[in-house]
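Asker: One structure coming up, written as structure tokens, with questions to follow.
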Amino acid sequence: MGEKNESTMASHIEKITLGISKILESSPGVTDVKMEELPPAERHTIVSWEQKHSCTLPDDLKNFYLMTDGFHMSWFVKMDDTPVQVGSMIINSISNLIHLKASSSYSLPNSPTLAELDDNEEEEGLPEKPHFDSRNVIFELDPCDGIGKVCLVYRKHKAVFLPSGEMTPDPTIWFLDRALYWHFLTDTFTAYYRILLCHLGLPQWQYSFTSYGLSPQAKQWMNMYKPITFNPLQLSTEDPDSFINKLDPNKIFKAKNKTPVTKKKLPGPPGYQKNPSASSKRLEQSGTPRK
């Protein structure tokens, strides 16, 4: 009975992670892959959340919570005989899908508010950035280990309100860095979940969607576990032939015929005779008596 439950749980984990757990377990250097077993969220809990915040969750996120109330997967590598966590993938549970808003309880007198620190510059070709005011309702999907926050963002001026006062599900997903700049990730939760799994939860992977990019340490981890797709824009613009290894290993390791090195003869010391018998014969032929 226990073996059946373990096989059922393994199949459940494989479905939730889309097979990423097996890929990580077979990756070089990975010593352990952990995933928290979370029960499905109750339907009434989701309804209570929607009524509390006057927002209707999109169907894909709602179905995700009905399958598992949040998601937390981490994996480790061994460094100096000590397991060190490298990857971490988190989606907050429905109870931790908290509303991000300015708090005045701990603010100093005359200190600027989040709305005053808001970046109002818009970029061409990208969706309108979120704002910390009444124009948007923002919820935290992932705390990102303190390097920022992945957020579910509703826009009030584009939303369609139901008779109950709730907004219809039309949110987008953004990354908020520690400097309070917004970076667009994707339109739907399904697309974001796939991006999260494809990046394996590597450190600071969210910064690959920013203009200033990854830190040197994060690039090293990316090159080790995600070397091909870590910079897709660069790969698509450069010549594909530049990524082909043009070195022929048969030529590199082929044995070469060594040319014999001719050693120069050095003159011997004074009085040195290399062949005394030959010199004695020359003396006899010249008629010089031997001593």
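Asker: Once amide H atoms are built 1.01 Å from N in the peptide plane, which residues 5 or more positions from Leu100, or in another chain, come under 5 Å H to H?
Answerer: Under 5 Å from the amide H of Leu100 lie the amide H atoms of Ile138, Phe139, Glu140, each far enough along the sequence or on another chain.
Asker: So how do Arg43, Arg155, Arg178 rank on accessible area, 1.4 Å probe, biggest first, that is with the largest at the start?
Answerer: Arg178, Arg43, Arg155
Asker: While we're here: Round to the nearest 10 and report in Å² the accessible area of Glu140, as given by a 1.4 Å probe over the protein chains' heavy atoms.
Answerer: 20
Asker: Taking R0 as 22 Å, what's the FRET efficiency between Cys198 and Asn96 from their Cβ-Cβ distance, rounded to 0.05?
Answerer: 0.40
Asker: Any chance you could run the full-extension gain for Glu36 through Thr210? It's 0.36 nm times the residue separation minus the Cα-Cα distance, nm to one decimal.
Answerer: 59.7 nm
Asker: Now for a different question. If the limit is 31 Å between Cα atoms, which of Lys78/Lys149; Lys149/Lys219; Lys52/Lys219; Lys34/Lys62; Lys15/Lys101; Lys78/Lys101 go over it?
Answerer: The pairs that break the limit, which is 31 Å between Cα atoms, are Lys52/Lys219; Lys15/Lys101; Lys78/Lys101.
The values are calculated or read from the model by the stated rules, or taken from the named source; none is laboratory data. Source: prediction; values computed, not measured. Quick reminder, even Gly has a Cβ in these numbers, built from the backbone with ideal geometry, and neighbours come from all protein chains shown. When the accessible area is computed, the model is the full protein with side chains, heavy atoms only, and any ligands, DNA or RNA have been set aside. Shrake-Rupley method; radii C 1.70, N 1.55, O 1.52, S 1.80 Å.
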